[in-house]
1. Considering only protein heavy atoms and a probe of 1.4 Å, how much of the accessible area of the stretch 1-61 is carbon and sulfur, as a whole percent?
2. Under 28 Å from the Cα of LYS91, which lysines turn up, not counting those fewer than eight places away in the same chain?
3. Where does helix 30-62 land angle-wise versus the long Cα axis of the chain, in degrees 0 to 90, nearest 10?
4. Where is the GNM fluctuation largest for the chain (alpha-carbon springs, 10 angstrom cutoff): PHE60, PHE151, PHE86?
5. Length gain on complete extension for the stretch ILE53 to ALA6, per 0.36 nm per residue less the alpha carbon to alpha carbon distance?
6. Please state the charge dipole magnitude for the chain, taken about the Cα centre, from unit charges on C-beta atoms (+1 on K and R, -1 on D and E), reported in debye and rounded to the nearest 20.
7. Rank THR96, ASN30, SER150 by how far each Cα sits towards the positive end of the charge dipole of the chain (+1 on Lys, Arg Cβ; -1 on Asp, Glu Cβ) and give me just the farthest.
8. Count charges around ASP173 for me, please; just the other residues with Cβ under 15 Å from its Cβ, Lys/Arg as +1, Asp/Glu as -1.
Amino acid sequence: TAVYQAYSRFLTNIRKNVRSVSYDIENITNKEIAQFVSFENIVNDFLSALVPIHAIIANFLSGKAISISEEEKEKIEDFYLETGQFIELSKSSLKTIVNIRQASSTIMTNNLNRVMKMLTALTIVLTVPTIISSLYGMNIKLPISEYPYSFWLIIGVTVIISSVIVWILKKNDWF
């Protein structure tokens, strides 16, 4: 049972660490994700060790491998139950770790998509003034270039067009 107590302590510490990080899942760091992967490997190793032991104990309990006394059978049954509990606890911990990693991955992807959407919208808004100023910055004769207030007219049209684009993008939740 000393081995099972060590398993229990270690698994309990892993569960506490996972639970403490899961409370602030939106601010999970790369270090914590790497720690989750490490926890996942440890719990998988636990399962890899416990499942065969559980099967061996079940074989002993069947009485086909060796004959055992009633007192030994009770001890082996307790051992069998403890092993089964640790297997279930390990599976539960593993499922929790995987769920938290998937949730954090989804949150990060969603945040990245939101930033990319905003940067795309910003690019669209800044493209219009760039195109208009590029056309009127050429050394060729263009419409309204002879008027004394043509600069302010071009700036005004550019601001109006950019404002309309910003309004459309805000209306469609791009900002």
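1. 55
2. The qualifying lysines are LYS16, LYS31, LYS73, LYS75.
3. Computed tilt is about 30 degrees.
4. Comparing PHE60, PHE151, PHE86 in the GNM, the peak value goes to PHE151.
5. My answer for the length gained is 15.3 nm.
6. 880
7. SER150
8. Spelling it out: positives minus negatives among the neighbours equals +4.
The values are calculated or read from the model by the stated rules, or taken from the named source; none is laboratory data. Only a predicted model underlies this, so the values are computations on that prediction, with no experimental measurement involved. Virtual Cβ from ideal backbone geometry, glycine too; neighbours counted across all protein chains shown. Accessible surface is based on the protein model in full, side chains and every heavy atom, while ligands, DNA and RNA are left aside. Shrake-Rupley method; radii C 1.70, N 1.55, O 1.52, S 1.80 Å.
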